[in-house]
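To keep things clear, I will list the structure first and then write my remarks on it.
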Amino acid sequence: PLDVIKTRMQTDGPRGELYGGSIIKCAVSTYEEGGPMAFLRGSVPRLMHKVPANGCFFVFYELFRRMLHVEGATKKDSSAEAK
């Protein structure tokens with residue numbers, strides 16, 4: 001939903017002809033134009049990109065953790081070993 005507002009603010013023009021640089025005015029105008037569904041416009045293409053991208057990130061994160069032999073130790077675990 002915030003991506004719709006961000007995109008509208010970016011395309012408003014250099015002097016902010018429609019929204020005057022106001023996020024609130026942009027959100028109210030968006031709601032008046034299309035109701036609550038207007039904030040979900042463009043969600044499907046974004047999710048088609050984000051879901052696989054985040055999946056790849058976590059696959060490679062785990063792969064490199066194993067390749068580099070990184071243990072899952074935290075400060076809590078380290079302090080217990082010191083005693």
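Here are the numbers for the structure shown:
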| quantity | calculated |
| --- | --- |
| Of all residues making up region 1-47, the number that are of a type in the set (Ser, Thr, Tyr) and touching a helix residue (DSSP H, G or I) at 6+ places or on another chain (Cβ under 6 Å) | 2 |
| Lone unmet requirement of (1) modelled with pLDDT of 90 or more; (2) open to solvent by 50 Å² or more (accessible area, probe 1.4 Å); (3) within 21 Å of the chain's Cα centre (by Cα) for residue 32 | (3) |
| Whichever residue in region 35-71 is modelled with pLDDT of 90 or more and charged (D, E, K, R) and, among such residues, is nearest to the chain's Cα centre (by Cα) | 50 |
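The values are calculated or read from the model by the stated rules, or taken from the named source; none is laboratory data. It should be emphasised that the depicted structure is a prediction, and the values quoted were computed from it without experimental measurement. Every residue, glycine among them, receives a Cβ derived from its backbone with ideal geometry; neighbour counts consider all protein chains shown. For the accessible areas, the whole protein counts, side chains as well, though only heavy atoms, and no ligand, DNA or RNA atoms are used. Shrake-Rupley method; radii C 1.70, N 1.55, O 1.52, S 1.80 Å.
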